[in-house]
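None of the figures in this text is laboratory data; all of them are computed from the coordinates on show. A quick note: this is a predicted structure, and the numbers were derived from the prediction, not measured. We place every Cβ from the backbone using ideal geometry, glycine too, and count neighbours over all the protein chains shown.
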Amino acid sequence: MATRKPIQKRSVPALATKKKKAPAAASTAKRKAAPKAAEAEAEESAAAEDAATEVDDVADEAPAGGKSTGRRATAQSMASKQRDISVSEFFAKNRHLLGFDNPRKALLTTIKEAVDNSLDACEEAGILPEIWVHIEQTSTDRYKIGVQDNGPGIVKKQIPLIFGKLLYGSKFHRLRQSRGQQGIGISAAGMYGVQTTGKPVKIISRISAKKPAHYYEIQIDTKRNEPKILNGGGEGVDIAPGDKGAKDIEKHGIEWVDQPHGTRVTIELEAKYNRGRGSVDEYLHQTAIANPHITLHYTDPEGSTRDYQRAADKLPPEPKEILPHPYGIELGRLAAMLAEAEGMSITQFLSTKFSRVSPAVAKKICTTAKVSPRAMTRKLGRPEAEALYQAIQSTKIAPPATDCICPIGEELLLKGLYQVVPGEFYCAATRPPSVYRGNPFQIEVALAYGGAAATQNVDKELLSDLLEETDARTIRQFLINTFNGLGSDAADRIMKAAALGTRQTAKQLKPKEQERLLQAMQNVNVAEGQTMEVMRYANRVPLQFQQAACAITQTITSTNWRSYGLSQSRGGMPKGPVYIMVHIASVWVPFTSESKEAIASYPEIQKEIRLGLQAVGRKLGMYVRKRMRVKQQGDRRDIFMRYLKEVATAVHELNGVDRDNLYGQLVTVAKRVTADADMKLDDRGRKIKEPTEETDYGDNVIIVDPASHAAAIKRTPAAAATSEE
């Protein structure tokens with residue numbers, strides 16, 4: 001048996017040996033003369049000793065045969081690379097987390113954050129919002145965004161912090177229904193603009209017509225997460241009120257719509273402007289639906305303007321701020337709150353820091369936790385905090401107040417939906433407030449059904465204009481993106497009928513191909529291929545992206561829509577000419593990420609969404625079944641009428657009965673047994689001629705003649721205005 005040779009220790013280089021011993025003597029002499037220098041020298045000496053020791057350790061661990069694995073780094077070398085990371089530096093490298101992962105989304109996210117801030121500021125100040133949105137193309141892939149409001153304005157010292165520092169705001173630390181909640185959005189948009197174009201963010205704000213306006217050009221110092229002011233010697237520029245200020249505004253080239261108070265932010269960024277789904281146009285359109293109290297002025301990159309006038313002259317009720325509910329607090333947060341609450345007893349702490357906790361309930365919690373109600377919070381340790389946490393979970397506490405939530409309301413939901421969505425049947429339902437993790441929330445659902453297919457209301461000239469305007473690469477994309485609710489199946493049937501290829505470019509169609517496409521659009525029945533169109537909202541803000549990851553979409557696809565007269569494949573979106581709008585209002589919306597594009601799938605939230613969907617689904621089912629019965633009886637009558645003359649003639653020839661008299665009697669019988677074919681409904685879905693057989697759809701239902709409602713075709717505002725003229 002072979003004997004293993006002992007592992008030979010490699011010799012340490014002379015340089016390493018010297019560094020191991022020499023600094024020790026030198027450092028002894030220097031400590032007496034210069035303590036600070038001695039400390040630094042001692043650290044170097046210790047590092048050298050550790051390095052030499054590690055070399056010895058590596059040699060000791062070397063495998064037989066003299067081959068070494070070779071350590072790539074030491075603990076000391078790795079420690080020297082450790083450093084702090086600022087939040088702005090993190091998001092600058094991970095901007096996709098905030099919705100800036102591609103140029104198209106970047107444009108929408110920037111406008112969305114600015115508009116959300118404007119609406120929140122106006123509503124909190126009690127001002128009916130008026131907002132100006134302007135997009136200007138400065139080069140092939142650059143756009144300048146300007147958003148202005150008539151809000152209360154911002155005080156001078158807060159302007160740089162609001163627009164030049166991430167995680168800075170007034171909404172994160174309070175439980176109050178609002179559009180913004182993190183203090184990231186608008187400052188992240190400015191940071192993206194600086195990163196992609198190098199242009200600073202420009203802000204002008206005025207709090208009164210008699211006081212000067214404040215103008216800043218800033219960018220974020222990502223290393224320190226602090227604003228860097230570039231104009232006015234680092235102090236910004238004050239603009240005097242009146243005519244003198246107007247001249248200064250013009251001199252500086254500042255874009256400002258003359259208002260006594262308000263704020264305007266201008267950001268130039270790398271972006272891409274498209275129409276259709278997920279576009280700025282669609283976002284503003286949906287914002288106007290959910291916020292009927294705003295006036296919105298929009299100018300697109302082509303210079304076309306569109307005004308959305310307010311449909312309500314009254315602001316929504318002001319949301320109330322509430323304290324956190326104890327059921328929504330986790331152990332770590334409870335321990336931190338106890339440490340921060342100095343000079344308070346446990347009873348005082350529980351009854352003043354949480355909602356729905358009275359002194360009596362606080363004493364009950366203390367008794368369950370076996371903690372003295374008079375004990376001071378600063379004296380409690382981790383075991384007592386955990387005992388309190390467990391006691392809270394086992395104590396019956398009233399749910400949080402729900403008067404802090406301000407839903408849109410069924411009447412305004414129907415009004416907004418009817419104005420912009422084609423259909424013949426509209427209904428809405430608002431669920432009672434509920435709670436998830438101690439946070440109150442409320443679900444609203446509205447639905448529109450039927451109406452003429454948008455593809456059938458297109459003429460030759462309009463089709464040519466739509467093909468010229470579209471950004472879609474293929475005919476299939478053009479059909480799906482341009483006509484609301486047109487699913488992929490319906491688009492495929494239209495292309496097949498028109499004998500067009502799936503990869504043909506929309507803008508390069510020849511006149512004959514356009515004519516075939518037009519005929520197919522008007523003749524093909526697309527109702528079966530239409531897919532339900534979903535509009536998702538959170539605190540009145542449209543959610544444009546990550547539809548599949550959202551609890552709203554997941555609940556819609558898991559609901560059995562076949563019970564309500566719609567076709568649906570397992571786990572798929574329902575088929576039919578249906579638009580559905582789902583809104584969640586809450587003091588804290590559980591978004592799946594910082595970009596606020598989808599709702600997290602909490603069971604409590606999904607349950608309420610499902611109940612809301614079922615409420616409008618039952619009304620839809622009643623309407624669809626009644627319409628189906630009318631159609632079936634009408635078809636049955638047509639068959640009767642087709643053969644009654646022949647029957648009357650045959651009977652006349654057999655026994656000589658008067659043919660005309662018999663025919664009249666047969667027609668009377670046919671009409672009686674198919675009486676449902678003559679059924680006419682009023683605008684509430686009730687039978688007009690025979691009120692004894694009314695169908696009660698309940699409240700908040702609108703039924704209209706589909707022929708009187710325009711189809712939904714996504715176009716540019718200018719093109720739509722020209723068409724109306």
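Label segment 148-269 by shape, choosing from rounded, prolate and oblate, from the square roots a ≥ b ≥ c of the eigenvalues of the Cα gyration tensor; if a/c is under 1.5 it is rounded, and otherwise prolate applies when a/b is larger than b/c, oblate when it is not. Numbers along the way, then the final one.
Working: a/c = 1.97, a/b = 1.29, b/c = 1.52.
Oblate, because a/c is 1.5 or more while a/b does not exceed b/c.
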*Take the Cβ-Cβ distance between residue 330 and residue 360 as r, set R0 to 25 Å, and report the resulting FRET efficiency rounded to the nearest 0.05.*
0.50
*Excluding residue 569 itself, calculate the net charge of residues whose Cβ lies under 12 Å from the Cβ of residue 569, where each Lys or Arg counts +1 and each Asp or Glu counts -1.*
+2
*Spin-label model distance (nm) - residue 459 vs residue 136, 7 Å beyond Cα toward Cβ*: 3.8 nm
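Pairs 370/396; 157/251; 157/320; 460/510; 157/202: which exceed 19 Å Cα-Cα?
Details: 370/396 17 Å; 157/251 24 Å; 157/320 27 Å; 460/510 13 Å; 157/202 15 Å.
Flagged as over cut-off: 157/251; 157/320.
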*For residue 226, list long-range residues whose amide hydrogen, built 1.01 Å from N in the peptide plane, is under 5 Å from its own amide hydrogen.*
221
_Convex hull volume per residue for segment 197-237, taking Cα atoms only, in Å³_ = 75 Å³
*Give the residues of segment 331-373 whose amide nitrogen is closer than 13 Å to a point set 7 Å from the Cα of residue 435 in the direction of its Cβ.*
354-358
*asked:* So, R0 is 30 Å and r is the distance between the beta-carbons of residue 101 and residue 223; what FRET efficiency does that work out to, to 0.05?
replied: 0.80
*Quickly rank 662-669, 120-127 as a protection proxy: mean count of other C-beta atoms within 10 Å, highest first.*
120-127, 662-669
*asked:* Please list, ordered by chain and number, the residues whose modelled amide H lies under 5 Å from the amide H of residue 436; skip anything fewer than 5 residues away on the same chain.
replied: 441
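Rounded to the nearest 0.05, what FRET efficiency is calculated for residue 661 and residue 277 with R0 set to 51 Å and r the Cβ-Cβ distance? Display every interim value, and only then the final one.
Numbers: r = 62 Å, r/R0 = 1.22.
For R0 = 51 Å, the calculated efficiency reads 0.25.
Within the set 105/314; 144/165; 165/607; 112/619, which residue pairs have Cα atoms separated by over 27 Å?
Violating the 27 Å limit, Cα to Cα: 105/314; 165/607; 112/619.
Going through segment 377-422, which trypsin sites (Lys or Arg not before Pro) have at most 10 other Cβ atoms within 10 Å and a DSSP loop state? Don't skip to the end; give the middle numbers.
Numbers: sites: 378, 379, 396, 415; in loops: 396.
Answer by residue number: 396.
Going by a ≥ b ≥ c, the root eigenvalues of the Cα gyration tensor, does segment 454-523 fall in the rounded group (a/c under 1.5), the prolate group (a/b larger than b/c) or the oblate group?
Working: a/c = 1.10, a/b = 1.07, b/c = 1.03.
It comes out rounded by the Cα gyration axes.
Contour minus end-to-end for residue 83 and residue 668, with contour as 0.36 nm per residue of separation and end-to-end as the Cα-Cα distance? Don't skip to the answer; put the middle values down first.
Values: separation 585, 0.36 × 585 = 210.60 nm, distance 9.19 nm.
Length gained, residue 83 through residue 668: 201.4 nm.
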_Selection of trypsin sites (Lys or Arg not before Pro), segment 555-634, meeting DSSP coil and at most 14 other Cβ within 10 Å_ = 570
*asked:* Full-extension gain between residue 611 and residue 639, please, as 0.36 nm times their residue separation minus the C-alpha to C-alpha distance.
replied: 5.9 nm
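Once the other residues with Cβ under 13 Å from the Cβ of residue 250 are scored (Lys, Arg +1; Asp, Glu -1), what is the net sum? Show your work: numbers first, answer last.
Values: positive: 244, 247, 251; negative: 243, 248, 255, 258.
Here the charged neighbours net out to -1.
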*Does segment 89-308 classify as rounded, prolate or oblate by the C-alpha gyration tensor (a ≥ b ≥ c root eigenvalues; a/c under 1.5 gives rounded; else a/b over b/c gives prolate, otherwise oblate)?*
rounded
*Simple spin-label model, 7 Å along Cα-to-Cβ: residue 394 to residue 563 in nm?*
3.9 nm
*Which three lengths, in whole Å and largest first, does segment 326-394 cover when its Cα atoms are put on their principal axes?*
22, 22, 21
_What does the extension gain come out to for residue 600 and residue 402, with contour length at 0.36 nm per residue minus their alpha carbon separation?_
69.2 nm
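Around residue 315, what is the net charge, scoring Lys/Arg as +1 and Asp/Glu as -1 over all other residues with Cβ under 11 Å from its Cβ? Provide the component values of the computation, followed by the final result.
Details: positive: 310, 314; negative: 123, 124, 313, 318.
Its environment carries a net charge of -2.
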*For residue 142, enumerate residues with amide H under 5 Å from its amide H, sequence gap 5+ or separate chain, H modeled in the peptide plane.*
271
